[in-house]
Amino acid sequence: KAACEEKVAADFEACSQHPKFGELSASQLTRILKREDLGVSREETVLKTIFQWLRVSQDRNGLLGMLLQLVDFQSISVENLLRLGRMKQSGPNADELHREVDEALRLRQRKRTQSPQNFQPKRRCLRHWSPDLGASTEASGREVLPTPAYSLHWHEGSLYTAGHDCGIRCWKPGSPAADARQVAGPGARVAGINDLGADCDFAIAPTGEIFVADSDNERLVSFHNGIGRLVLDESPHVERICCSPNGVLYVLTSEALQKLEGSRLQTVMTFETLPEDLEIVSPNAMFATKEEVIYVLDCGDDRIIRISPAESFKPVVVGQVPAEQRIGNFFGTDGGTIYVANDRRRKVFAIHPSDATITEVLECPGNLRPRAVLVQDRSLYVSMRKGDRGNIGGLYEYKLPPELHLE
């Protein structure tokens, strides 16, 4: 038995998926979960496996309280702890779990003042820990590009960045930073228009065409297959642009939300008739979903506004951020979570419009401040700069914990 338990502990994640794992006795499972050398990539696996083992028989439900004492809740990410707190469960099991979650969140608030070196996860293999992302076998963050960017986009396996050098670069994650190439602006191999002002916003269509709102030159241009062309000249002052997954390019000016139809802008809605409390004061970013729902980050009032065709394009506030958590840039995932860069507090937050919750995801190291965020394949990319110095900083990658589901 001891040899069997040792083998299960060494490769716990793989063994927990074996059909006969549910045949372990309560005492066997207890001894295995007590071990500090338990082989897991994250502590969330331990909790998920406990519930998997309990489902084998209703007679085991009374053991949950005891088994939860073997879970190192301080190693679970804050986002997953909050997700556990929102899970709807009934009976004594729900009470037991919620008590542990509430206590873990209370203790986590204290640990925010600690450095990662001051906390040691229970499992020896989980060598890397942060107050927000929890513990894992992998380091939580690493620099992948040596220069910061103020805008990030993803297209077909590559990350596109816009920096303060009036250009757009393309980099494939996993490749050396030196392989990043200029696709628009100074140094890019482009025929046609290629001179961009310092104040630009860009978006990428599903075809790979890059649209750039060049505010300094009051025009909208595009880059595709090595050719730069003029799309609109003498256009009204463009605040932000974005492209939906369906290829619709939206243009936000101080007066209206418009979309590109051929070589002309078509008005989606005007702002002049909006009530004062829904006026978009200072738009800093925008994105659109496949349902053509548009989200605008209004930094003037620290809020996120939704503009949806299902709501007759009437703006709706879906995320109001407290004044002390001022926001600067954001990114929306397909799952509905919105990641927000908070320059002032040097943090990244996650906002869930469905239940209006705000979760702290990351505090930037040193004196770095987040400028732009993007999430792809559970990797959180954060562009950071030092203070107000635009070109000092870099792009960092953080591995986000998988979402925890107990059903």
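The values are calculated or read from the model by the stated rules, or taken from the named source; none is laboratory data. These numbers come from a predicted model, not from an experiment. All Cβ positions, even for glycine, are placed from backbone atoms using ideal geometry, and neighbour counts span all protein chains on display. The area values use the complete protein model at the heavy-atom level, side chains included, leaving out ligands, DNA and RNA. Shrake-Rupley method; radii C 1.70, N 1.55, O 1.52, S 1.80 Å.
Given a cut-off of under 8 Å on Cα pairs at least six residues apart, what relative contact order in percent is computed for the chain?
Numbers: 836 pairs, mean separation 45.3, N = 407.
Here the relative contact order equals 11 percent.
Accessible surface for the range 124-226, divided over its residues, is 44 Å² per residue with a 1.4 Å probe. Annotation: extensible slack from residue 61 through residue 36 equals 6.5 nm (criterion: 0.36 nm per residue apart, minus Cα-Cα distance). Across the alpha-carbon set of the range 186-279, the Rg to Rh ratio works out to 1.00, Rh being the Kirkwood radius. Here the spin labels are modelled as points 7 Å beyond Cα on the Cα-Cβ line, and at residue 256 and residue 26 they lie 7.0 nm apart. Stretching residue 13 away from residue 392 to a fully extended chain increases their span by 132.3 nm, per 0.36 nm per residue minus the current alpha-carbon distance. A straight Cα-to-Cα reach below 25 Å connects residue 20 with the lysines 1, 7, 34, 48, residues fewer than 8 places away in its own chain not being considered. Each residue was assigned an accessible area with a 1.4 Å probe, and for residue 66 the value is about 90 Å².
What is the percent carbon and sulfur in the accessible area of the chain, measuring with a 1.4 Å probe over the protein chains and ignoring ligands? Answer for the chain is 47 percent, counting heavy atoms of protein chains only. Rounded to the nearest 0.05, the FRET efficiency derived from the C-beta distance between residue 266 and residue 177 at R0 = 45 Å is 0.65. Summary of the geometry: the range 37-89 and the range 289-314, compared by the centres of their Cα atoms, lie 37 Å apart.
Relative contact order for the range 1-66: 34 percent, from Cα pairs under 8 Å spaced at least 6 residues apart, divided by residue count.
The lysines whose alpha-carbon is closer than 20 Å to the alpha-carbon of residue 259, local same-chain residues fewer than 8 away aside, are 290, 314.
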